[in-house]
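Data block below; observations after.
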Amino acid sequence: MRILVTGKNGQLGRSIYKIVNTANGDNLPPNEFIFVGREELDLSSESSISHYFDRSNKFDVIINCAAYTAVDKAEEEQELVNQVNHLAVKQLAGIAKEQKAKLIYISTDYVFDGASNKPYKETDTTNPINVYGKTKLAGEKTLQEIMPTDAIIIRTSWLYSEFGNNFVKTMLRLGKERDEINVVSDQIGSPTYATDLANAILDIVQNIEFKEVGQETQVYHYSNAGKVSWYDFAKEIFKIAEVDCKVNPITTQQYPTPAKRALNSKLNQKKIHQVFEINSGHWKDSLTQALQLIIK
Ligand SMILES: NC(=O)c1ccc[n+]([C@@H]2O[C@H](COP(=O)([O-])OP(=O)(O)OC[C@H]3O[C@@H](n4cnc5c(N)ncnc54)[C@H](OP(=O)(O)O)[C@@H]3O)[C@@H](O)[C@H]2O)c1
């Protein structure tokens with residue numbers, strides 16, 4: 001299969017690249033992976049997207065890891081965020097349909113408002129409370145409209161990795177600079193190590209169910225197992241990394257941000273386990289694994 005991965009410089013794109021280009025990738029059947037970044041395929045430009053696909057051979061699978069992910073800045077750049085997270089997805093879906101390619105779209109826990117106290121199921125009512133979440137949901141909906149079959153939407157949460165910027169790396173930096181820090185304790189979710197999500201996506205791509213043509217487009221939830229607050233997550237990061245920094249719990253109200261945050265981001269993952277037999281490891285185990293790479 002010819003598999004296109006967008007967002008090659010992002011956390012997830014680099015994690016997929018890492019797997020297919022290391023020893024682990026040897027276990028995968030041979031596929032041709034093409035990784036593209038903003039330079040080759042700029043999702044903020046309709047003509048860049050058309051131009052790229054006009055010049056490329058057809059793909060069998062498109063994994064769209066690129067997105068506008070700066071949640072707070074998104075509040076000020078609504079037009080750009082909507083273009084990248086929604087309108088570009090509409091265009092990609094049209095192209096995928098034309099090429100008879102499968103499309104995998106990565107979405108977010110932020111499509112929910114976080115008011116429920118239960119882990120969110122794929123069928124729960126969406127109600128995004130910030131611009132980023134609204135545009136990601138618009139991306140999901142347009143994809144479902146254009147590709148009622150042959151696409152997959154994977155919602156994930158609290159992504160981190162050894163690549164790029166993320167909460168784990170920010171905590172390690174602050175922990176070295178300061179004696180104590182304040183971290184929000186009333187937002188609960190499940191961290192997701194990007195390598196685990198990348199492995200899950202690659203498992204899906206190899207799955208016989210996925211390869212079947214004409215399957216109804218589905219939404220799946222994927223994160224690491226277990227739940228935690230940002231405060232407890234920060235404490236665990238410092239514990240594993242042996243960083244001597246006191247963590248003080250604060251409330252969301254005490255830490256105002258331009259974009260509203262959901263209080264509950266927990267995703268129910270039964271469906272992805274049932275359909276693809278994907279089991280995500282516990283967030284603490286994945287954090288330990290990731291920190292070995294981040295700290296070294
Ligand atoms: N991070 C999270 O906590 C989180 C949580 C839930 C869901 N997700 C979703 O998971 C997916 C992967 O996230 P991630 O953490 O890997 O994101 P990331 O590290 O921020 O990477 C996103 C990538 O998208 C690229 N991009 C942004 N605008 C673009 C444009 N106009 N044209 C082409 N590429 C563009 C960026 O390119 P540059 O490197 O050139 O800037 C970057 O490499 C995204 O769909 C995201 O919405 C993330």
* Can you give me the relative contact order of the chain as a percent, contacts being Cα pairs under 8 Å and 6 or more apart? -> 21 percent
* Structure fact -> Nearest 10, in degrees from 0 to 90: the angle of helix 131-146 to the longest Cα principal axis of the chain is 20 degrees
* Asked: How about segment 170-275: which trypsin sites (Lys or Arg not before Pro) there are in a DSSP loop, with at most 11 other Cβ atoms within 10 Å of their Cβ?
  -> ARG178
* Point-charge dipole on Cβ atoms (K/R +1, D/E -1) for the chain, about Cα centre, debye to 20 -> 300 debye
* To do: Keeping all protein chains in position, work out how much accessible area ASP196 exposes to a 1.4 Å probe, and write it in Å² to the nearest 10.
  => 30 Å²
* Report the full-extension gain for the segment LYS97 to ASN248: residue separation times 0.36 nm, less the Cα-Cα distance, to one decimal in nm. => 49.3 nm
* Structure fact -> The farthest towards the positive end of the charge dipole of the chain, of the residues TYR52, SER223, LEU103, given +1 on Cβ of Lys and Arg and -1 on Cβ of Asp and Glu, is SER223
* Structure fact -> Evaluated at 4 °C and 1.567 mPa s, the Stokes-Einstein D of segment 29-101 based on the Kirkwood radius over Cα pairs, in µm²/s, stands at 98 µm²/s
* To do: Could you state, as a whole-number percent, how many of the C-alpha pairs of segment 21-163 are farther apart than 18 Å?
  => 60 percent
* Asked: Mind checking the dipole of segment 52-97: about its Cα centre, +1 per Lys or Arg Cβ, -1 per Asp or Glu Cβ, Debye to the nearest 20?
  -> 400 debye
* Asked: Using only the Cα atoms of segment 185-268, what do you get for the radius of gyration and for Dmax, in Å?
  -> 17.5, 54
* Of the GluC sites (Glu not before Pro) in segment 165-226, which ones lie in a loop per DSSP and count no more than 16 other C-beta atoms within 10 Å? -> GLU212
* Asked: Once the Cα gyration tensor of the chain is diagonalised, what are the square roots of 5 times its eigenvalues, in whole Å and ordered largest first, as equivalent ellipsoid semi-axes?
  -> 31, 21, 19
* **Estimated FRET transfer efficiency (PHE167, ASN57; beta-carbon r; R0 41 Å; 0.05)** => 0.60
* Antiparallel bridge percentage (DSSP; both residues within the chain; nearest 5) -> 10 percent
* Structure fact -> For segment 207-254, the Kirkwood Rh over every pair of distinct alpha carbons, in Å, works out to 14.8 Å
* For segment 207-275, give the magnitude of the charge dipole about the Cα centre (Cβ charges: +1 Lys/Arg, -1 Asp/Glu; no others), in debye to the nearest 20. => 260 debye
* Accessible solvent surface per residue of segment 109-234, calculated while the other protein chains remain in place, 1.4 angstrom probe, Å² -> 40 Å²
* Relative to the compact globular guide of 2.2 N^0.38 Å, what is the alpha carbon radius of gyration of segment 118-228, as a ratio? -> 1.30
* Asked: At a probe radius of 1.4 Å, what is the per-residue accessible area of SER161, in Å² to the nearest 10?
  -> 0 Å²
* To do: Taking the convex hull of the Cα atoms, report for segment 141-191 its projected area averaged over all directions, in nm².
  => 5.8 nm²
* Asked: How much space per residue, in cubic angstrom, does the convex hull of the C-alpha atoms of segment 241-296 take up?
  -> 159 Å³
* Mind listing the phi-derived Karplus ³J(HN,Hα) values for segment 236-244, rounded to whole Hz, using 6.51, -1.76 and 1.60 with θ = phi - 60°, and x for any glycine or proline? -> 5, 4, 5, 5, 5, 7, 6, 9, 8
* Derived scalar couplings ³J(HN,Hα) [segment 184-189; Karplus, 6.51 cos²θ - 1.76 cosθ + 1.60; whole Hz; x for Gly, Pro] -> 4, 10, 9, 10, 10, x
* **Where trypsin sites (Lys or Arg not before Pro) fall in DSSP loop in segment 49-127, at most 15 other Cβ within 10 Å** => LYS58, LYS100, LYS121
* Hydrodynamic radius of segment 151-296 per Kirkwood, over alpha carbon pairs, in Å -> 16.5 Å
* Hey, any idea what % of segment 156-280's accessible area is carbon plus sulfur with a 1.4 Å probe? -> 46 percent
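The values are calculated or read from the model by the stated rules, or taken from the named source; none is laboratory data. What you see is a predicted model, and the numbers here were worked out from it, not measured in a lab. Cβ sites come from the backbone with ideal geometry, for glycine too, and all protein chains shown count toward neighbours. To get the accessible areas, we keep the full protein, side chains included, count just its heavy atoms, and leave off ligands, DNA and RNA. Shrake-Rupley method; radii C 1.70, N 1.55, O 1.52, S 1.80 Å.
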